[in-house]
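One structure is given here, and the rest of the page talks about it.
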Amino acid sequence: GEPGTRVVTHSGKEPAMCDCIFCKIANHEIPSTVVYEDDRVIAFDDLNPQAPVHTLVIPKKHYADITDGVPAETLGAMAHAIDEVARVKGLDKGFRVISNKGEAAGQTVMHFHMHVLGGKDLGEGLI
């Protein structure tokens, strides 16, 4: 491309046009336990929970990770969804939000997602 432009292969792709497992969940092609959903995001329970409450919040459009040009409106919708997950799951005493970027950080599905973890005292350590 031109200098200063970024080549994007799949960012912002509609879920119906994507083969990613999270896109399929967003498009309701694969069943999940939906905790919250609106036109931009969907939140569902993790199949391999790391805490009593472990819900994933994802944009419906495909972005590889948090640095993949996710629009501010989508990030705002994700923040709202996190608040809704906390309310629905009764996380009034607190919760943790984590987003991994890249395999070295533990990202296993290359579709931007935030983990909402809670339901027990998580302590001060992040890892």
Checklist entry - Across the chain, how many lysine pairs separated by 8 or more positions, or lying on different chains, have Cα atoms within less than 28 Å? => result 17
Item to check | Residue-span extension gain [Asn27 to Lys93] - 0.36 nm each, minus C-alpha spacing | outcome: 20.5 nm
Checklist entry - Relative contact order for the chain: what is it in percent, counting Cα pairs under 8 Å that are at least 6 residues apart? => result 26
Checklist outcome for this item: Checking rank on 54-61, 79-86, with mean other Cβ inside 10 Å and highest first, the result is 54-61, 79-86
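Skip the ligands, DNA and RNA, and give the accessible area per residue of the chain with a 1.4 Å probe, whole Å².
On a per-residue basis, the chain sits at 59 Å².
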Checklist entry - Dipole size in debye (nearest 20) for the chain around its Cα centre, Lys and Arg Cβ +1, Asp and Glu Cβ -1? => result 120
Checklist entry - Binning every alpha carbon pair distance of the chain at 5 Å from zero, what are the percents per bin? => result 2, 11, 21, 23, 20, 12, 6, 3, 1, 1, 0
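The values are calculated or read from the model by the stated rules, or taken from the named source; none is laboratory data. No experiment lies behind these values; they were computed from the predicted model shown. As a convention, Cβ positions derive from the backbone with ideal geometry for all residues, glycine included, and neighbour counts pool all protein chains shown. Note: accessible area is taken over every heavy atom of the protein model, side chains too, but ligands, DNA and RNA are not part of it. Shrake-Rupley method; radii C 1.70, N 1.55, O 1.52, S 1.80 Å.
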